Structure formats: structure tokens, C-alpha cells
Amino acid sequence: METGRCLFVGVGGQGNLLASNLLGQAALSMGIHVVVSEIHGMAQRGGVVESAVLMGNVKSPIISNAEADILVSFEPLETMRILGKCNKKTLVITNAQPLPPFTVSLGQGVYPPVEEMLEKIKTRVEKLIALRGNDLAEEAGNPLSLNMVMLGALIGSGAVPVTEDVMKETISTSTKKAFLESNLKAFDLGAQASKKLS
Amino acid sequence: MHKLLTDSPGTEMLLLGNEAIARGALEAGLAFATCYPGTPSSEIPEQFFAISKETDLYFEYSTNEKVAMEVAAGAAISGLRTMVTMKHVGLNVAADPLMTLAYTGVEAGMVIVNADDPYLFSSQNEQDNRYYARLSSLPMLEPTNTQEMKDWTKAAFELSEELKLPVILRTTTRLAHVRGGVKLGELQPRKVKTTFKKDPFHYVCVPAVSRELHKLLLRKYDQAVEKSENSPMNEIIGNGPWGIVANGVSVNYVMDAVSDLGIEDKVSILKLGFSYPMPRDLCVRFMEPLEKVLVVEELEPVVEHELKTIAQETGLTLEIKGKGVGELSRLFEYNPGMVRKGIAEYFEIDYKAPLPVDTSDFPALPGRPPNLCAGCPHRATFYAVKQVYGTDAIHPTDIGCYTLGLLPPLSMGDLVICMGSSVSSSCGFSRATDQKVASFIGDSTFFHSGITGLVNAVHNNHKFTLVIMDNGTTAMTGHQPHPGVEPETTGLDLPKVSVEDVVRGCGVKDVHVVRPYNLKKTIEAVRASMEYDGLSVIVSKEYCPLFARRIGKARKARPFYVNLDKCKNHRDCINLLACPAMFLEGEQVHIDKNLCIGCTVCAQVCPENAIMPLKG
């Protein structure tokens, strides 16, 4: 298969490491060669958290500037910040609902206007899928299921060779029973929203 | 059952590099493991900690890396297969036993896992620990992916036993924290007890013994060279005229670049997996037919220099380069694009790097630095110390979450160099200046290397205040236990060593124990210690809130809110504490009830008493 370089970005606590790990497991179970990279430790204390899933004919675990085929971002400011990893052929899937950093609360910076920025991004990449991820997670019954919404949006876009069935199977085997229903619902809502926007 | 105990050889699992190392050790019949945690090595001992609770594997979190190395040495010299893990700077702490353990050697296999951190994702420096192999003459293996991390860990035990030497397995962040498919092998039974055979003229390193042992080490080194020459871990790939040499994660960048550039038939790649001792003859055979060689290695030009030496000794005159080609430098980590560009430039291949999305017209984006968590007790402690000491005092700090206290508005941190340095550097600061000194250290770091500094401060009559921030766990690296933790929080029946008892036992006379969420009493204690003419210690005790939640001891407090009828918008809460549960909406501060843990500290800071617990 062709190489797919999928970059995940989020804020500590949003669960993007779990999402990239699950995608990696699902890919492996389909016999797709996969490497997943993550950053742990100090970087996680409320800071930006990046992970990458590389599938197909590729050995390197990380993605260089301008080389992401897909960006899945859990937070719009982080979409803007990491855009240098993308090129004009990149598919960008982003949550459109901000989680302002503390520097904004302290008056050390201004949160950029989301709609306006997303419009700019849209014209510079192959495709932009922007969804109200937190609302969908609420609707699924668990505000912490944003990562499942975003994973659903990625699989729903059809941009990676992992099927919905295999992804849901992987989610099912690695989710605690209490969260299973809301996680699967969040995944479905993300997938539907992304198909509608594709 | 722990997933790494899955006994089905041939099964492929997605494993984190660090999990793969742990699995490799289990497949080698590991009996005894020690560590001090440190990113990016911590997930290896995490596996052993869990597995030791359900098997007869012995595992301990040791007080520091030197101790961990020596505990492991005792077991390995006795005859048990042993592993000790640490981050790169941890090996500095363990360097003393390392150097002479190389002389004595070991009886059973001993593998030292060393995790380097190029780009300093979670470290105070990015030293290249390949030099430790050279300094100690110990063999070093550098796997390049998760499968090799498992397989070569097993091989490292066998190598160690053949040479009767500890073997260093070196990883970097991009190996330790990468997940990939790993085909499992067979689990081996463990030999968990043994009998030590006395041999004092081999193990007691007095000068007369060590003179002989140094000769022995050099003989073992020669054997290691033989093994390196013939090891499948060192591999020549391809037979083109352009040479590329790489180690560790860079091997992947090179392989991808060669494929992307379509130059498979033009290159010969030397993959150095058994990277020390260097396979000298193999390097000569590799270089002889080549036009020129590019060395792709992160951090220091270690291999580059050794290849140049080998070439000079054998009369080879081909060009050998590494650092300085393209963007390949001694700084930070490499990446696929950088390596592709370097190779293209060096071998003069037409190549255009892809263009990133243009963001030059984007507004300045607000930063998102890491921050102390909502309700973190360190914030309260920093606030109290700052209230008393003002801004002119010197605040040496140490390694842990509380290092983040350096960020504004707390701005409490003037020096960090290594674990334990807060205490000892305070001795120097307080003698060299007339400024007040109040330093910070965490509980785990205090046990790691703060105690000797404290004894020094007592004995040499230094005058400063040491604040020990005791949050009941090793928070930064993922809540590992240490000697001061409550036994009930670990599920292990191990005695607790009290921080306060240690402090008093060291001879400190002025000792205060405070609960930092009680600001008034904490400030009183800080003031008393500042006015005390001598050395003071304040033990500030409160659980890390993340840890408390994990062990079911979370505060049962209600979250707080800002009462808009009372708030006069002084903003002391947000300007002085900067708790991430607070946010501005327009000009008004609010508290996010989902983040607030009810620590009450902001309510105590508010001059209008406008911050109150939510009802119901």
C-alpha cells in the first residue's frame, strides 16, 4: 500500500495518545505495517501533545515538516500551530471548538478568530473537515470521548485503510465497560459528521 | 495476567519500545530488575513492577541510579540474570559503579538499559551516552525498531554471559516511545535464587587486584571486537558506490530516504547495531570499494571520528563526512526530511523538499507551555514562599513537576542542573552572597540525592531554607513509589522512610511540617524559617491530585466559583496563582468547575472573599 503519514495533535488530557495507539492496533490487526510515535513526560503537563501513526511502506516513526498526509487535530489553535507539518495535499481534520491555553487567560496572548482562520486553512490544503467535536462528545454522553469522535472522523473520511468495523472492534476490546457505549456512539457521530462534510 | 506474559510464540503485538525491551528480558529469563525512573525509560520498570506482583520476578524501585546499579551488580555477580534501567543523565549518577563493575564483570547476564533524549523532550541536557561505552569499555547494542528492541535485549543477556561483562542497551526517545509490531518469542523460566561464590581477589578492587582486572577487561574487549565483527546486528545493505553509515533510529530515516530518492542500487548502507566495540574489519571491508561515506548519527560525531581513524590507519583516502552536511548537526534529533535532504546534498542528487503550508500571514499564536495542574499543592507552596521572600531571594530548584514553578507568575526557580543540586548549590549561593536562599526539592528527588547535600549543609553550617515538596509519589515520571510513600498506596508491604525523620536525623534543628493548602500556617512557617539564624527545612505535605485520584484518595471537596456580586476584579487569583482552572471571559475571572478540585487556595488569596464553594 501507499505510505500514509497521519499526525495527531491535542492538548494534554484530550486523549490523542490513546487515539493514535488504537489506530495503530487496528492497522496491525489488518496486517498493515505500522509505527506509532508519542511523547511522554514533561511535555504532557497541560502542554501540546503530538503523536504520529505511519502506515505502509515506511520505517521512520516521525513526520517532518510539510510531510503529513493527514492531520487530526483536537483543538483549533493547535491546528494553526502545527500547520507547517502539512502541505497543499494534506487532509486536515480538526475539532473547531477551542480550549484556550492559560496564556490567553493571563492576557499574554489573544486566541485567534477560529472561523476566519479555518477559512484561510481551507484554501491552502487539499481538504479541511472541521467539526464541533466537543458537542458530539457531549451528545454521545461522555465529554471525555472527544478522542473517539476524532478517530471516527478520521475513519469516516476514508483516508486511511482501516475499516470502521475493525476500528470499532479494537475500541471495544480496549475500553472499560462503563465507557463502551458512549465511546462507540462518539465514534459513530464523528464518522457521520466527517462523511457529511467530505 | 499482564499482557507481556502472553505465552504464545509467533503472535504479533503492538508494543511500545520500552514494553518490547521488558518482553525481551522476560524471554531471556530475567530474574532481577532495578531502576530509578526517568523519561524516556520509565515504562520498562513499570512493566516489571506490575509483573513482579504476579510472578517470582524480583523488582525494586531503588533510591537512585547508582544504588540501582549496585543492587543489580550484587545479583548479577551472584549469578542471576539482571536488568537495570535509567535515563541518560541517570547513568552519570551510576557512572561510579559502572566503571569498576566493568573490571569485576558479572557472573550471569546483566543488561544496563540507557535511554538518551535527543532534543531534550524531558531532560536537562542531551548528552550522548555512546561515550560511556567507550569510557567503560563495555559493549553497547543499539536497536533500531521495536522488534529489535525485544530480540536484541535477549541477545544482550547472552552476550553479557559469554563475555562475563555488563552490556549496555542504548535507546533514544524515538525508540523508547514508538509503538510497532513485535513477534513474540518463547518465555524462559527464571532462576531466582543462587549462591555467591567468594573470590575476593577478583571482586575486591584494591589496586593490586584492579591492575589485573584492567588487563582482563582489555582481553574481554578483544573478544567483544570479534563478536562485533561477526554479529548479525552489524549489517551491510546494498552494494552501490555511495556509503551511508547509521545507528539507532537514524537507520530508519536512511532506509526511507534511500527508497524515497530511488537510489537503492547506488548505495551501500552499514547499519551499526552492535555499535561498540566498532567492527573494525567490517568497516574497512565496507569502505574499501566506496567513493565516499556519509555518517548519519544523532548528537555527537562518534562513529564519524572512529571511521576516520580506521580509514587513516588503513590508508583509505575516501571522503568521510557527517556533521555539517545539510542540516545534520550535533544538536537535537534528526528526522526523515532532514536525512533525505542531507543524503541528496552529499551525493548530489536532484531533490526538492515538499513545501509547507504558508502560515506567514497568521497572527502570533498564544503559547501553550506545560503548567502545574489545577489544585497542584506546589502552587500553594510557591505562593507562600514568595509572599515571605519577595523577589530578591535566590531559589535553587530541582528536577520534577515543580521545576515548572519557574514559569510566571510564580517565577520560582533560579537554577536547575541535576537531581539534588537544589540543596548543595544553596550551600554555595548562601556563602557567596548576602541574598536570602530558599530552595525547592521533591520527595523522590530528596531521597535520590538530596540527603548528602543536606548533611553537608548541616556539617558546614550553611544558612538557608530547604522546602521539601512531599506529594507522596514520584509524580513527573508517572507516579512511581519511593522510600517515603505510604505503603498502602503501592499495594506492597514495604516500610516507609519518613522525610521528616531523615531531616531530623541529618541534624537539622529547625524543621517545620506544613499542609500547603493552609496558606496562613504555611506562610507563618516560611517566615519563621527565614528568620531562623541557621539551616531550616520545611516539609510541605499534600498528595499530588492526579495521584490521589488514581489511588482513590481524591479530595471530596466541592469545586469553587467566583461570586460576581463580591468580585471587584483585583485578579490576585489569576495574576498570582495562575491555576489552569481559572479563565477569563471578557474581563471577568471564572473557575471551570470541571477542573477545580476545591483546594481552597485561591479563596484564601482573594481580598474580597469572593471565591466560594459551589453549593449542592
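I'm checking my understanding of the structure. Among residues of the stretch B:33-45 that are in contact with a Pro (Cβ under 8 Å, 6 or more places away or on another chain) and in contact (Cβ under 8 Å) with a residue 60 or more places away in the chain, which one is farthest from the other protein chains (Cβ to nearest Cβ)?
For the stretch B:33-45, the residue satisfying everything is B:Pro45.
Pull up the stretch B:461-508, narrow it to residues that are touching a residue at least 60 places away in the same chain (Cβ under 8 Å) and β-branched (Val, Ile, Thr), then point me to the one that is farthest from the other protein chains (Cβ to nearest Cβ).
Step by step, filter the stretch B:461-508, then rank; the result is B:Thr465.
Take the residues in the stretch B:222-255 that are of a type outside the set (A, V, I, L, M, F, W, C) and within 23 Å of B:Ala115 (Cβ to Cβ), then tell me which one is farthest from the other protein chains (Cβ to nearest Cβ).
In this case the residue turns out to be B:Ser228.
Looking at B:Val437, B:Val511, B:Val458, can you tell me which residue is in contact with a Lys or Arg (Cβ under 9 Å, 6 or more places away or on another chain), outside the structural domain of B:Ser62 (by TED's automatic domain parsing) and free of Cβ contacts under 8 Å to residues at least 40 places away in the same chain?
Answer to the check: B:Val511.
Scan the stretch B:365-376 for residues that are at pLDDT 95 or above and at the interface with chain A (Cβ under 7 Å from one of its Cβ atoms) and jot them down.
Taking the stretch B:365-376 and keeping what is at pLDDT 95 or above, we get B:365-366, B:375-376.
Matches in the stretch B:365-376: B:Leu365, B:Pro366.
Let me spell it out: the conditions are (1) in a loop (DSSP other than H, G, I, E, B); (2) of a type outside the set (Phe, Trp, Tyr); (3) away from chain A (no Cβ under 11 Å); (4) under 30 Å from B:Gly484 (Cα atoms), and B:Arg549 meets all of them except one. Which number is the exception?
All conditions pass for B:Arg549, except number (1).
Say we look at the stretch B:68-87 and pick out the residues that are outside any helix (DSSP H, G or I) and polar (S, T, N, Q); which of these is farthest from B:Ile21 (Cα to Cα)?
Here the answer is B:Thr82.
Here are A:Ala96, A:Ala52, A:Ala66: which of them is among the small types (Gly, Ala, Ser) and under 22 Å from B:Ser41 (Cα atoms)?
Every option except A:Ala52 fails the conditions.
Can you tell me which condition B:Arg174 does not meet? The list is (1) within 14 Å of another protein chain (Cβ to nearest Cβ); (2) of a type in the set (D, E, K, R); (3) surrounded by fewer than 22 Cβ atoms within 10 Å (Cβ to Cβ), and all the others hold.
(3)
Within the stretch B:482-495, can one find any residue that is surrounded by fewer than 23 Cβ atoms within 10 Å (Cβ to Cβ) and part of a strand (DSSP E or B)?
Among the residues of the stretch B:482-495, not one is surrounded by fewer than 23 Cβ atoms within 10 Å (Cβ to Cβ) and part of a strand (DSSP E or B), which makes the answer no.
Can you tell me how many residues within the stretch B:572-611 are touching a residue at least 24 places away in the same chain (Cβ under 8 Å), more than 40 Å from the chain's Cα centre (by Cα) and either assigned by TED's automatic domain parsing to the domain that holds B:Pro409 or outside any strand (DSSP E or B) (or both)?
Qualifying residue count for the region: 4.
For the stretch B:341-364, which residues satisfy the criterion of being surrounded by 14 or more Cβ atoms within 10 Å (Cβ to Cβ), more than 30 Å from B:Cys579 (Cα to Cα) and facing chain A (nearest Cβ under 8 Å)?
B:Ala353, B:Pro354, B:Pro356, B:Val357, B:Thr359
For the stretch A:93-133, which residues satisfy the criterion of being part of a helix (DSSP H, G or I) and within 9 Å of another protein chain (Cβ to nearest Cβ)? Let's see the steps before the verdict.
Going residue by residue through the stretch A:93-133, those that are part of a helix (DSSP H, G or I) are A:102-105, A:114-122, A:133.
Those that are part of a helix (DSSP H, G or I) and within 9 Å of another protein chain (Cβ to nearest Cβ): A:Phe102, A:Thr103, A:Val104, A:Ser105, A:Met117, A:Lys120, A:Ile121.
Hey, any hits in the stretch B:556-571 for a residue that's within 14 Å of chain A (Cβ to nearest Cβ) and without any contact (Cβ under 8 Å) to a residue 40 or more places away in the chain?
Within the stretch B:556-571 (the criterion being within 14 Å of chain A (Cβ to nearest Cβ) and without any contact (Cβ under 8 Å) to a residue 40 or more places away in the chain), the answer is yes, since at least one residue qualifies.
Specify the residue that is farthest from the chain's Cα centre (by Cα); the eligible residues are those in the stretch A:64-92 that are small (Gly, Ala, Ser) and in a strand (DSSP E or B). So that I can check it myself, show each step before the final result.
Step one: filter the stretch A:64-92 for residues small (Gly, Ala, Ser), giving A:64, A:66, A:68, A:73, A:84.
Filter again for in a strand (DSSP E or B), leaving A:68, A:73.
On the way: A:Ala68: 12, A:Ser73: 4 Å.
Looking at the filtered set, the residue picked out is A:Ala68.
Name the pairs: first residue in the stretch B:7-32 and in a loop (DSSP other than H, G, I, E, B), second residue surrounded by 24 or more Cβ atoms within 10 Å (Cβ to Cβ), Cβ to Cβ under 6 Å, at least 6 apart or on different chains?
B:Ala28/B:Phe157; B:Gly29/B:Arg81; B:Leu30/B:Arg81; B:Leu30/B:Met83; B:Ala31/B:Leu80; B:Ala31/B:Arg81
The values are calculated or read from the model by the stated rules, or taken from the named source; none is laboratory data. Values in this document were obtained by computation on a predicted structure and should not be read as measured data. Don't worry about glycine lacking a Cβ; one is built from the backbone with ideal geometry, like all the others, and counts go over all protein chains shown.
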